[in-house]
1. Please work out which residue is nearest to residue 80 (Cα to Cα), limiting yourself to the stretch 115-141 and to residues that are open to solvent by less than 10 Å² (accessible area, probe 1.4 Å) and touching a Lys or Arg at 6+ places or on another chain (Cβ under 9 Å).
2. Quick one: count up the residues across the stretch 171-200 that are free of Cβ contacts under 8 Å to residues at least 24 places away in the same chain and not small (Gly, Ala, Ser).
3. Between a residue in the stretch 206-230 that is open to solvent by 30 Å² or more (accessible area, probe 1.4 Å) and any residue that is among the acidic types (Asp, Glu), which pairs come within a Cβ distance under 6 Å, given they are 6 or more apart or on different chains?
4. Do the conditions hold for residue 112, that is, is it closer than 23 Å to residue 202 by Cβ and either open to solvent by 10 Å² or more (accessible area, probe 1.4 Å) or touching a residue at least 12 places away in the same chain (Cβ under 8 Å) (or both)?
5. So, of the residues in the stretch 174-204 that are of a type in the set (Val, Ile, Thr) and crowded, with 21+ Cβ neighbours inside 10 Å, which turns out to be farthest from residue 91 (Cα to Cα)?
Amino acid sequence: MQKRFPSLSLSSYGTGWSANRRIAIVAAAVAVLLAIAGIVALLTGGGDGHQAPDTAAPAPTGSPSSSEAAPKPSSGSGSVPKPPQISEPVAYAKAAAQMLWSYDTRNTSRDQQLAGMRAWMTTETKYGDWTSVSGQVPDPVLWSRMADQKQHATADVTEGHYPSAFKAALADDPSAITEAYIYVVTVNGKQTLSWKKGGGGAEERAVTLAVQCRPNHDCTLAAIAPSVTQ
């Protein structure tokens with residue numbers, strides 16, 4: 001039987017969030033989203049969590065530290081797609097989730113993977129949490145082992161929606177979001193993994209993303225929430 005290596009997955013997202021970054025994200029949520037308890041819980045890992053099936057791969061080990069900058073290799077971003085020009089939050093979140101759940105170690109280096117993911121991020125450092133995104137990529141040693149097995153993954157997104165806590169916050173004061181235009185979106189789907197000699201499998205996935213969509217601008221990814229809220 002082929003040995004299966006941990007996949008690049010989001011089954012335990014947000015493990016790389018530093019305490020300072022979590023505080024900053026919560027503070028932004030309080031200021032931007034009316035300090036509603038449900039939203040604060042959402043962005044700090046509270047709420048109804050979603051647990052992946054028993055077949056879910058373990059979280060990547062040795063994730064990048066919060067100080068790791070995204071590499072910018074001259075060879076580009078490999079198989080990582082460029083961010084789409086979408087101004088609708090749910091549509092962008094669905095595209096971002098598909099990007100996060102897909103990878104190909106056969107033709108993409110770890111540096112290329114990180115550089116490609118970084119292109120999806122907001123450039124507004126006040127609201128962006130690169131650590132929560134880059135922390136999903138396995139460390140260099142594990143990526144190399146995955147590459148040895150020619151491991152790759154594709155993703156199918158089934159749906160995306162605003163969590164109830166976020167909708168409640170907007171209903172209380174729709175104008176509150178106009179400070180940062182950060183939208184919280186939960187996306188569900190399936191990740192299909194393959195590796196050499198016919199190995200493979202499929203896993204259900206879910207993730208809650210913070211997406212920034214300012215008027216008359218394309219959306220960007222701000223952060224991955226530490227837990228899934230439906």
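1. 116
2. The total comes to 2.
3. Sorted first by the residue in the stretch 206-230, then by its partner, the pairs are 230/48.
4. Numbers: closer than 23 Å to residue 202 by Cβ: no; either open to solvent by 10 Å² or more (accessible area, probe 1.4 Å) or touching a residue at least 12 places away in the same chain (Cβ under 8 Å) (or both): yes.
No: the conditions fail for residue 112.
5. Looking only at the stretch 174-204, we keep the residues that are of a type in the set (Val, Ile, Thr), and these are 177-178, 182, 184-187, 192.
Cutting the leftovers down to crowded, with 21+ Cβ neighbours inside 10 Å gives us 182, 184-187.
Working: 182: 14, 184: 12, 185: 10, 186: 11, 187: 10 Å.
Among those residues, the one meeting the criterion is 182.
Matching residues to (1) β-branched (Val, Ile, Thr); (2) within 16 Å of the chain's Cα centre (by Cα); (3) part of a helix (DSSP H, G or I):
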site	(1), (2), (3)
142	no, no, yes
171	no, no, yes
178	yes, no, yes
183	no, yes, no
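The values are calculated or read from the model by the stated rules, or taken from the named source; none is laboratory data. This one's a predicted model, so the numbers in the text were calculated from it and none came from an experiment. Positions of Cβ are backbone-derived with ideal geometry, glycine not excepted, and every protein chain shown enters the neighbour counts. Note: accessible area is taken over every heavy atom of the protein model, side chains too, but ligands, DNA and RNA are not part of it. Shrake-Rupley method; radii C 1.70, N 1.55, O 1.52, S 1.80 Å.
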